[in-house]
Structure formats: C-alpha cells, structure tokens
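Enquirer: Quick one: the structure is below, questions incoming.
The values are calculated or read from the model by the stated rules, or taken from the named source; none is laboratory data. Note that the structure is a prediction, hence the values are computed from the model and not measured. Counting neighbours? That spans all protein chains shown, and the Cβs are built from the backbone with ideal geometry, glycine included. Surface areas here come from the heavy atoms of the whole protein model, side chains and all, with no ligands, DNA or RNA. Shrake-Rupley method; radii C 1.70, N 1.55, O 1.52, S 1.80 Å.
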Amino acid sequence: MTADQLRELIAAALPCDHITVEGDGAHWYATIVSPRFDGLSRIRRHQQVYATLGTRIQTNEVHALSMKTFTPAEWATAGGKD
C-alpha cells in the first residue's frame, strides 16, 4: 500500500476537502477534512475513516493509522495547516 493508494481509498468513500497521508508502508499519518465530520465526536470520525478501509485494517494491510480529523470550519479556524 502506498500513501497515494491509501489517500484514494479514503477519498473515494468520504467527501474530503483536504487529505494528506504520510507513512512508511506500515504506519500512516493522515490529516482529513470532511464535511461529513460535522457534529461527530473524534471517535465517530475515526470510525468513519476506518470503515472506508474495510478489511485492510483487519488483514493488517494497513497496520496503523494515526489521524487528525477536521470539519471544514475547524480546518479554517486552524489555519488550514497539517
């Protein structure tokens, strides 16, 4: 799995205003901005992202994913920086 592939999987399932993915092939770090996160707790946001990966988490194709999740309004307030 490459960073581009992981980014594409997430973006295909979630409407993303911004997404960055970095990592070494096993451990990934993502910043995801989606209007779908509006009104959701951090846990629910992460669950939505994990759901986009389906069995890739269960089969260890994606071993670890650390993420920061924002709504578009939160992202604007944060200055739009990873």
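Enquirer: Could you go through region 18-32 and let me know if any residue there is of a type in the set (Val, Ile, Thr), open to solvent by less than 50 Å² (accessible area, probe 1.4 Å) and touching a residue at least 40 places away in the same chain (Cβ under 8 Å).
Expert: Yes: region 18-32 contains one or more residues that are of a type in the set (Val, Ile, Thr), open to solvent by less than 50 Å² (accessible area, probe 1.4 Å) and touching a residue at least 40 places away in the same chain (Cβ under 8 Å).
Enquirer: If I ask for residues that are modelled with pLDDT of 85 or more, more than 16 Å from ALA3 (Cα to Cα) and charged (D, E, K, R), which ones from region 47-82 would you list?
Expert: GLU74 - this is the single residue of region 47-82 that is modelled with pLDDT of 85 or more, more than 16 Å from ALA3 (Cα to Cα) and charged (D, E, K, R).
Enquirer: Which residues, counting only those in region 33-46, are small (Gly, Ala, Ser) and either surrounded by 12 or more Cβ atoms within 10 Å (Cβ to Cβ) or under 12 Å from the mean Cα position of the chain (by Cα) (or both)?
Expert: SER34 - this is the single residue of region 33-46 that is small (Gly, Ala, Ser) and either surrounded by 12 or more Cβ atoms within 10 Å (Cβ to Cβ) or under 12 Å from the mean Cα position of the chain (by Cα) (or both).
Enquirer: In region 48-82, what count of residues is obtained for those that are assigned to a loop (DSSP other than H, G, I, E, B) and not acidic (Asp, Glu)?
Expert: Total satisfying the criteria: 10.
Enquirer: Does LEU6 fit the bill of being assigned to a loop (DSSP other than H, G, I, E, B) and either open to solvent by less than 90 Å² (accessible area, probe 1.4 Å) or in contact with a Phe, Trp or Tyr (Cβ under 6 Å, 6 or more places away or on another chain) (or both)?
Expert: no
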